[in-house]
Amino acid sequence: MASLIDPKNTVEVLKKYGFSFSKRYGQNFLIDVHVLDKIISAAEITKDDVVLEIGPGIGTLTQALAENAGQVFAVEIDDALIPILENDTLAAYDNVTVIHNDILKVDLKALSEEKCGGKPFKVVANLPYYITTPIIMGLLEGDVPVTSITVMVQKEVAERMQSGPGTKNYGALSLAVQYYSEPYLVANVPQNCFMPRPDVASAVIRLTKRPAPAVETANVSLMFDVIKASFVQRRKTLANGLKNAENLHFSKEQAESAIAVLGKGESVRGETLTLAEFAALTNALNEYL
Ligand code: SAM
């Protein structure tokens, strides 16, 4: 079967099945071979790997994954795409399983155990942007066997994932992603690499899951509550952010003495703290629980 990355072939398949794109499902299909090659090489796929693809579309990236990986599981929500994938574009590949479901409802741990003896996945996808954060956080936080995640996301989201303290894109997503993984920006991707063109610029990012979280803390869920509270009002002081947070119940005095443990002044803002400092702050606050 001719490669779908050639826009002529994509158009032909779309016409053959009378397929119309759904904005609701974030459907922007990849049509640029250089970007496809960059995704495959950044994901470092070998015949030993089991790959999980989220949202195969008509199977453009899936075909390349099938050629490079041992086994591919591709989870697609859209009813209209399933017959195209199963009977046509992926029919020639016996190492691909199409799963017709919402990725947010699939038990990935059970899938890995039932179908490949618990072997961890490499996740590779051109993500549906409307659910980027729940997908990424589900893969990182949950009990899902994953070694790396190489994905196309909105450029701005890729920037947030890899930003450090004191920059405008630094926030709760940066800290959550960096706690569980090491982000690496693979490539920026302009709108004309997709059909139809998305409204926003994109980027490919690789998150390599850490064997253990980046920092140790006495209370992980408190740390993420503290992080969230610190960024709700970015321009407010950290002490005020902690005192005003709805789901935290520390007095201003407790917040200030925990901040003092960091050796920071009263006016410090949360956006300047490193992950290690958030962990130390959490340990100090945890003593008041
Ligand atoms: N992989 C294809 C490509 O690169 O050309 C398509 C990528 S397109 C940006 C996103 C895909 O995710 C679409 O096929 C869409 O139908 C699918 N999708 C959207 N929401 C989904 C969900 N909740 N679960 C699984 N797939 C979903």
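The values are calculated or read from the model by the stated rules, or taken from the named source; none is laboratory data. No experiment lies behind these values; they were computed from the predicted model shown. When we count neighbours, we look across all protein chains shown, and the Cβ atoms used for this are built from the backbone with ideal geometry, even at glycine.
Per-structure values
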item: Matching residues in segment 40-57 - criterion: being in a loop (DSSP other than H, G, I, E, B) and near the ligand (Cβ under 7 Å from one of its atoms); result: Gly55, Pro56, Gly57
item: Test: residue in segment 118-132 that is out of contact with any Lys or Arg (no Cβ under 7 Å at 6 or more places or on another chain), free of Cβ contacts under 8 Å to residues at least 24 places away in the same chain and among the charged types (D, E, K, R); result: no
item: Which listed residue, of Gly164, Gly138, is of a type in the set (Gly, Ala, Ser), under 14 Å from the mean Cα position of the chain (by Cα) and at pLDDT 95 or above; result: Gly138
item: Selected residue [at pLDDT 95 or above and within 16 Å of the ligand (Cβ to nearest atom)] from Arg197, Arg210; result: Arg197
item: Subset of segment 265-283 (residues that are under 10 Å from Met223 (Cα atoms), touching a Ser or Thr at 6+ places or on another chain (Cβ under 7 Å) and not aliphatic (A, V, I, L, M)); result: Thr282, Asn283
item: Residues of segment 13-36 satisfying the condition of being exposed (fewer than 13 other Cβ atoms within 10 Å of the Cβ) and part of a helix (DSSP H, G or I); result: Lys15, Lys16, His34
